[in-house]
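Just so it is clear, none of the values below were taken in a lab; they were calculated from the coordinates. This one's a predicted model, so the numbers in the text were calculated from it and none came from an experiment. Here Cβ is always computed from backbone atoms with ideal geometry, including for glycine, and neighbour counts include all displayed protein chains.
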Amino acid sequence: MKVILQADVKTLGNKGQVIEVAEGYGRNYLLPRGLAIEASGGNMKILAEQKAAGDRKKTKEEAAAKELASRLEHVNLIIKTKMGKSGRLFGSVTSKEISDVLQQSHGIVLDKRKIELKEPIKSLGEYKLNVKIHPEVQASLKVTVAGE
């Protein structure tokens, strides 16, 4: 019996896969629990449409990520913070603060988890940070930390 999985099943496969299972297993376990539907002609068409819609959505998201990456390449973000006499900062600059300043000054909304910052910035200077916008798209962001 051919079925289309509606959810990830540990021993069989992932959602959306078309697999062959034993008749009894399909009728008595998978179908009643809603884990699969029968792979009829109509259901196969629906699956194909869902995959096509998912592909269109992925390409749209990737295009938006590339556009955001090109905008980020031209941004020089300046963060002003309090510092001591020796040039060290009071506290540090975190990815959350970078995200907030980026939104306030340039109107670019970026999740703080997408900014790759190994450790918080604790001294003045220029830093080039990687930003992972999408699994296939990365950008670099230039951040300048200056004293008040």
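Dipole magnitude for the chain: about 400 debye, using +1 per Lys or Arg Cβ and -1 per Asp or Glu Cβ, origin at the Cα centre.
Distance from the Cα centre of the stretch 96-110 to that of the stretch 14-63, in angstrom? Taking the Cα centre of each part, the stretch 96-110 and the stretch 14-63 sit 40 Å apart. Of the residues Asn130, Asn43, Asn28, the one that moves most in a GNM of the chain with alpha-carbon contacts below 10 Å is Asn28.
Ranked for footprinting exposure by Cβ neighbours inside 10 Å, fewest first, Glu20, Glu73, Glu148, Glu61 give Glu148, Glu20, Glu73, Glu61.
Within the set [x] 1.37; [y] 1.67; [z] 1.12, the number that Cα Rg over 2.2 N^0.38 Å takes when calculated for this structure is listed as [y]. Taking the square roots of five times each eigenvalue of the Cα gyration tensor of the stretch 2-60, the equivalent ellipsoid has semi-axes of 23, 12, 8 Å, listed largest first. Placing a pseudo-label 7 Å from each Cα along the Cα-to-Cβ vector at Thr11 and Ser70 gives an inter-label distance of 5.1 nm. Over the chain, Cα pairs under 8 Å with separation of 6+ residues give a relative contact order of 20 percent.
Lys80 to Asp55: FRET efficiency via 1/(1 + (r/R0)^6), r the Cβ-Cβ distance, R0 35 Å, to the nearest 0.05?
Values: r = 45 Å, r/R0 = 1.27.
Computed FRET efficiency for Lys80 and Asp55 comes out at 0.20.
Modelled label positions at Lys118 and Lys96, each set 7 Å beyond Cα in the direction of Cβ, lie 2.3 nm from each other. Summary value for the stretch 2-60: 32 percent relative contact order, contacts being C-alpha pairs under 8 angstrom separated by 6+ residues.
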